[in-house]
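See below for the structure under consideration.
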Amino acid sequence: MYDYAIIGAGVNGCFMAYRLHQAGKKVLLIDPKGIGGSGSQAAGAFLSPKIGKGGELKAIVNQAYKEAIQFYSQLPDEIFTQHGLLHFPKDRQDALNFKEYKKCTDNDFRTPLANELSPLHDPELASHGLFFEDAGIVDPIALCNYLTKDIEFQYEMVSSLVYSHNREVWDLNICQSKNIILASGAYTLMINEPYIKLRAVWGERIEINASTHLCVNYHQNISISATKANNRIVIGATHEQHQMDKGLDPNSVTTLLSKASEIVELKNIELVDHRGGVRAGSFDYLPIVGPLIDSKKSLAKFPNLIKGAKVDAMQLCYHPNAFIVNGVGGRGFVLAPFLSLQLSEMLLEGCEIDSRITPDRLFRRWAKKEAKV
């Protein structure tokens with residue numbers, strides 16, 4: 001019997017397993033694709049703040065960014081490399097967003113050094129960019145392996161998930177658990193709820209060797225890493241909406257190298273790694289974290305929800321001991337430390353989760369617009 005069965009071993013599932021294991025809970029992590037899942041192992045895993053004028057997503061990402069840097073900076077260098085990131089606007093609107101961001105942040109942006117600009121095709125571009133000195137890049141597989149090194153893992157597919165009310169336990173086809181956490185990304189959630197809708201985004205990244213030495217990370221339309229200790233450079237990633245497991249496309253290598261060469265001059269390139277995977281994003285772009293609402297029972301109890309009636313979240317009906325962490329899109333490695341802390345503190349200490357990221361917002365929106373009682 002486990003305290004928590006976590007379905008999905010991407011970065012969110014791995015972080016949840018780590019937090020709960022650290023608290024002394026008996027945890028089982030399950031994923032047929034292995035540690036690192038699908039989208040996580042193929043992520044560029046670059047860390048940087050979100051630039052813009054405002055909004056809930058920017059506020060959440062930038063709060064999460066601080067948590068992520070604090071956590072990752074304590075890890076070995078082979079997991080997190082902190083070379084800073086030089087971020088350039090991709091168009092005129094982006095340039096305006098950069099100006100607004102500088103107005104509303106207390107960051108003291110330094111001028112990039114000559115060696116940080118030397119590989120650029122257009123060093124003048126830096127005058128329009130922002131340099132985030134504490135930014136860096138995570139090795140996805142090394143991180144997920146680090147987080148789960150002491151945690152029981154099963155390389156299995158969960159094909160059956162039934163709650164026994166008499167025993168107050170979830171029966172999975174491979175185990176029994178008091179609680180379940182759904183962290184399966186774009187793949188089957190196992191508990192079908194119509195208000196949980198996800199965007200599948202297929203992405204590919206590459207690693208290369210090159211004689212060009214890069215001292216910092218760069219980002220414009222794609223991200224390019226500083227040269228790592230193993231002499232590799234990471235370039236990532238492509239983003240293809242509504243694509244599931246399409247398989248590696250050799251054209252993606254050409255696309256990524258072409259976009260990278262528009263930013264820096266890369267010489268004597270040798271391809272050494274090419275990965276692909278599916279990310280899951282919510283339709284309002286905010287993450288989805290917290291107890292899973294039972295839509296059918298909640299509407300039966302409060303039919304006026306379809307008219308927008310205000311009902312306290314505590315009064316809604318929930319699937320017993322079932323929780324979700326999903327919808328992080330392309331910012332999983334920035335968000336995961338923060339989201340896992342939010343959910344684990346709720347589970348272990350009864351703390352409230354930030355209301356901006358709970359499933360409640362999605363359920364109410366769906367109930368008002370789409371539900372049929």
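The values are calculated or read from the model by the stated rules, or taken from the named source; none is laboratory data. The structure presented is a predicted model; accordingly, all values stated were derived computationally and were not measured. All Cβ positions, glycine included, derive from the backbone under ideal geometry; neighbour counts span all protein chains shown. Heads up: the accessible areas ignore ligands, DNA and RNA and are worked out on the full protein's heavy atoms, side chains in. Shrake-Rupley method; radii C 1.70, N 1.55, O 1.52, S 1.80 Å.
Charge dipole of the chain (Cα centre as origin; +1 on each Lys and Arg Cβ, -1 on each Asp and Glu Cβ, all else neutral): 1420 debye, rounded to the nearest 20.
By the gyration tensor of its Cα atoms, with a ≥ b ≥ c the square roots of the eigenvalues, what is the shape of region 1-41: rounded for a/c under 1.5, prolate for a/b over b/c, or oblate? It comes out oblate by the Cα gyration axes. Local charge for Gln241 was computed over the other residues whose Cβ lies under 13 Å away, with Lys and Arg +1 and Asp and Glu -1, and equals +2.
Considering only Ala200, Ala64, Ala126, the Gaussian network model of the chain with Cα springs below 10 Å gives its largest mean-square fluctuation to Ala126.
Using helices alone, I'd like the mean residue ellipticity at 222 nm for the chain: each DSSP H run of four-plus residues gives -39500 (n - 2.57), total over residue count, nearest 500. The partial results should precede the final answer.
On the way: 9 runs with 100 residues, N = 373.
Only helices count here, giving -8000 deg cm²/dmol.
For region 162-178, 3J(HN,Hα) computed residue by residue from phi via the Karplus equation (6.51, -1.76, 1.60; θ = phi - 60°) reads 9, 9, 9, 5, 5, 9, 6, 8, 8, 9, 9, 5, 10, 5, 10, 8, 5 Hz, glycine and proline entered as x. Share of carbon and sulfur in the accessible area of region 12-94 stands at 42%, probe radius 1.4 Å. A Gaussian network model of the chain, with springs between Cα atoms under 10 Å, assigns the largest mean-square fluctuation among Ala95, Ala42, Ala300 to Ala300.
Computed over the chain with a Gaussian network model linking Cα atoms closer than 10 Å, the most mobile of Ser184, Ser159, Ser223 is Ser159.
Accessible surface area normalised per residue over the chain is 46 Å², counting heavy atoms of protein chains with a 1.4 Å rolling probe.
When the charge dipole of the chain is built from unit charges on Cβ atoms (+1 for Lys and Arg, -1 for Asp and Glu) and taken about the Cα centre, the candidate among Ile263, Ala43, Asn321 whose Cα reaches farthest toward its positive end is Asn321.
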